[in-house]
1. Out of all DSSP beta bridges in chain A, what portion is antiparallel? Express it as a percent rounded to 5.
2. Using a/c under 1.5 as the rounded threshold, could you call the range A:333-381 rounded, prolate or oblate? The axes a ≥ b ≥ c are square roots of the C-alpha gyration tensor eigenvalues, and prolate needs a/b larger than b/c, oblate otherwise.
3. Under 10 Å, Cα contacts only: if you run a Gaussian network model on chain A, which one of A:309, A:239, A:342 comes out with the highest mean-square fluctuation?
4. Applying a 10 Å radius around every beta-carbon, put B:202-211, B:294-303, A:367-376 in order of their mean neighbour count, most first.
5. List the residues, sorted by chain then number, that are 5 or more residues from residue B:211 or on another chain and whose placed amide H is less than 5 Å from its amide H.
6. To test your reading of the geometry: what angle, between 0 and 90 degrees and rounded to tens, separates the Cα axis of helix B:219-231 from the longest principal axis of chain B?
7. If each of residue B:5 and residue A:79 carries a label point 7 Å out from its Cα toward its Cβ, how far apart are those two points in nm?
8. Please compute, for peptide A:185-193, the average count of beta-carbon atoms on other protein chains lying within 10 Å of each residue's beta-carbon.
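Where a number appears in this text, it was derived from the coordinates with a stated rule and is not lab data. Quick caveat: nothing in here was measured; it's all calculated off a predicted structure. As a convention, Cβ positions derive from the backbone with ideal geometry for all residues, glycine included, and neighbour counts pool all protein chains shown.
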Amino acid sequence: MKKSSTSVQELPGAAVRRPTPPPAWQPRTDPAPLLPDPEPFRVLGTPAAAGADPALLLRLYTELVRGRRYNTQATALTKQGRLAVYPSSTGQEACEVAAALVLEDRDWLFPSYRDTLAAVARGLDPVQALTLLRGDWHTGYDPHEHRVAPLSTPLATQLPHAVGLAHAARLKGDDVVALALVGDGGTSEGDFHEALNFAAVWRAPVVFLVQNNGFAISVPLAKQSAAPSLAHKAVGYGMPGRLVDGNDAIAVHTVLAEAMDRARRGEGPTLVEAVTYRVEAHTNADDATRYREDSEVQAWRAHDPVKLMERELLERGVLDEAGIKKAAEGAEVMAARLRERMNAEPTLDPMDLFTHVYAEQTTQLAEQAALLRAELEASADPAPSGDARDAGSTGGEAAGERR
Amino acid sequence: MTTTAVKPATMASALQRALRDAMAEDPSVHVLGEDVGTLGGVFRITDGLAAEFGDDRCTDTPLAEAGILGTAVGMAMYGLRPVVEMQFDAFAYPSFEQLISHVAKMRNRTRGAMPLPITVRVPYGGGIGGVEHHSDSSEAYYMATAGLHVVTPATVDDAYGMLRAAIASDDPVVFLEPKRLYWSKAQWSPDEPAAVEPIGRAVVRRRGTSATLITYGPSVPVCLEAAEAARAEGWDLEVVDLRSLVPFDDETVAASVRRTGRAVVVHESTGFGGPGGEIAARVTERCFHHLEAPVLRVAGFDIPYPPPMLERHHLPGVDRVLDAVARLQWETES
Ligand SMILES: Cc1ncc(C[n+]2csc(CCOP(=O)(O)OP(=O)(O)O)c2C)c(N)n1
């Protein structure tokens, strides 16, 4: 502070000792301008849309329609008790779909627990993608098959993994980029900050996509972050931040594609914030009326990602009523198939509990497996013991209570 | 003053009332956590607190468990009594650095000059059909950390009384709430809560003579049910509800086992390296000459918590407890 330096000089009789000034501090100017444009990038409904590739637009549209249908179908399945829980991404389909379509085959996707749709749009079997949420296994697919990491429930913890994988790929000389998804709430976790820092310092080929859907369960963004935007957070780590309209699929695709290219060129990570809205409740178990007004939801419904794309395509003559019908029918077929497959009871083998804990089973686990096998055999055996006890009873009344 | 009639209450409502009463009595009590304000917590334990006491007393924090507990440390250093809510067992893990390095050690590091009266509420355990990361039994991690009290109620009375005691404690308390008992009911009057044993004491929930079931939290009702079922087979089982894992009530437990001569420890967290090993060792050390059989353990399997469709095979139920009880006859048989 200014005051203390003058006061030393003013001390009567004191020898004036001027401290040697510190070496001039230079703010680093490389990488060059990092600050995001304050206005989210938009394409649909603007003149820029004329330059967009109609084939890509059509592809995005088809996936958006399927994605919306997937969300409504999965939500319906929770009502029938077929899924333990479903965090719907209705309203956010543009982010989900663009995230999947922007990737090359060899790239990796690191989804958060809400991003089933991105995984499906990437090519995952829709039923396998729901395994976690149905509750028959924790991850229903082999991550290597489509290069999709397990849906991560602990928030932001997948982000350092994305950085590490991207870094490893580069060390091996592979041309691979990782795209990691996180919610607005997740940006508050320490893992988010550590991941961004590592990514920037290592110039790792990774892209972070924040889906800012306004809420972390009940907590609005204003209570989550005081930053001008979440994209601004990039600057402190030394990477560019970009803001995009998260309901504009072509805009999200464009911004992500640029970021992916940048990463692929070896120029390091980018943080993209997509501004969108979670139209449904947090999950089917949540009561959103406790923390937000319906009028706000309705306003966002008017800025619907599927409708925005549809309008653009209709105006440009890339789509007509027949095309809309065709996309809807395709989505319906997908939904019917999903419903049918989800209505079939999954075949579960309780012995699987012991199969994948270690590469080689420990003697302790082998003993426990033997115990369970004996219990299962005893319960399958209709012994006339008059003993009505259920071998698998949890003893907990609330066991049927699904959240 | 009018007295409210004794009515059925849930454990969740008793916990909510305990928070409310603690905040009303002591302005230094502050609640913080994810979704604790407007929403009232995902289990509604903090429902109404923000409306009654304001956002500064019941605060929705940013989504960061290390931050929640770390700021609670600072608040406690300045004289407040923070009660933090971790949303689920497995989401508390980011806060372990703060818990282990600071919360548990501050009194010791400062030679008693700076105790930290923090209550960390953690809904824990399975049996509610939750997907991955929503059903961990994390008590062994806490028990292994010196400097923390670790407690868990199993009844509505205890939910109220123990939470009040935890908040009033001058030491950090990890208050484990058995999720699957949140909706369990009992006759209870919020205005005349029953006197409960202080933290650190175990309670005999059922008297018996043939063997002692030593248990806590979500496994208490399982053991009581098993004790009833065992009567048919001629076993009169005693059930001890530990209530507090740290400190551990050696006295009540040993007295019971000396009376019955046999013991089974029952909990749903994993057995290997789990709480049961410590408990069995203590019982053996104190009751060796009274024991008719080795102290047995009935625990969850040593696996990551299973998906909901398979959890019933993992959780120790009545049958597994009874099988263990049957095995207590080994010596008389051989
Ligand atoms: C580490 C951690 N803490 C808490 C939770 C519980 N939780 C699940 S979703 C959620 C809100 C997430 O909000 P946000 O990151 O904005 O994603 P969104 O749900 O909006 O997609 C919370 C608190 C969790 N899953 N992981």
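1. 10
2. Values: a/c = 8.01, a/b = 1.96, b/c = 4.09.
It comes out oblate by the Cα gyration axes.
3. A:342
4. Working: B:202-211: 18.3, B:294-303: 21.3, A:367-376: 15.7.
Descending packing order for the listed peptides: B:294-303, B:202-211, A:367-376.
5. HN-HN under 5 Å from residue B:211: B:236, B:238.
6. 30
7. The two pseudo-label positions are separated by 3.8 nm.
8. 4
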